[in-house]
1. Quick check on the exposure proxy: order Lys37, Lys117, Lys85 from fewest to most C-beta atoms within 10 angstrom.
2. List, largest first, the extents of the alpha carbons of region 25-93 along their principal axes, each in whole Å.
3. What's the extension gain from Trp61 to Tyr25 if we count 0.36 nm per residue and subtract their Cα-Cα distance?
4. Roughly how tilted is helix 3-13, in degrees to the nearest 10 and between 0 and 90, from the longest Cα axis of the chain?
5. Exposed loop sites here are GluC sites (Glu not before Pro) in DSSP loop states with at most 13 other C-beta atoms within 10 Å. What is the longest stretch of the chain lacking them?
6. How big, on average over all directions, is the shadow cast by the Cα convex hull of the chain, in nm²?
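Values quoted throughout were computed directly from the atomic coordinates according to the rules given, and no laboratory measurement underlies them. Nothing here was measured: the structure is a model prediction, and the numbers come from that model. So basically every Cβ, Gly included, is an ideal-geometry build from the backbone, and we count neighbours across all protein chains shown.
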Amino acid sequence: MSNEELKAFVSKIIPEAVFEEGGQYLNVIVDAVLVRKLLEELRHESTTGFDFLFCLSGVDWKTHFFVVYHLESKHNKHIIVIKAKVNREEPVCPTVSDIWRTAELHEREVFDLFGVKFTDHPDLRRLFLDDTWGFPLRKDYVDDTTIVSL
């Protein structure tokens, strides 16, 4: 499937989708509320068949977060990047761990480092840090620990 065909497919599902031009892969921006619907279709539709989630990460843009999904179809030989725009004041995004099992650990990492809560996640808890930490990959994070030099 070409990028133009993927654009048409995504536009049918989410007419509000925004497409970024100029990257190696097709980049699609959708609201976090709509992202699960799109990802389910991309996974289960035979013409797209995105069977491999090879990266899920978070990005802080000061005004909002992105949860970024890199998907590949091993059978159809295409790749797409989906960016879910997440409200900074109430950072919530639906889980996709039931669609791609690999998302479970990635979502925990984004929760731990950015504070994005993934609704219906089977085990959403901190992965690396304890609850005394804030969310260190947020741009407004302040490290108030004192480093003592010897």
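1. In increasing order of surrounding Cβ atoms, one gets Lys37, Lys117, Lys85.
2. Taking max minus min along each principal axis of the Cα atoms, region 25-93 gives 39, 19, 15 Å.
3. Numbers: separation 36, 0.36 × 36 = 12.96 nm, distance 2.08 nm.
Between Trp61 and Tyr25, full extension yields an extra 10.9 nm.
4. With rounding to tens, the tilt is 80 degrees.
5. Working: sites that count: Glu16, Glu21, Glu45, Glu89.
That would be 90-150.
6. Working: hull surface 42.8 nm².
Answer in nm², one decimal: 10.7.
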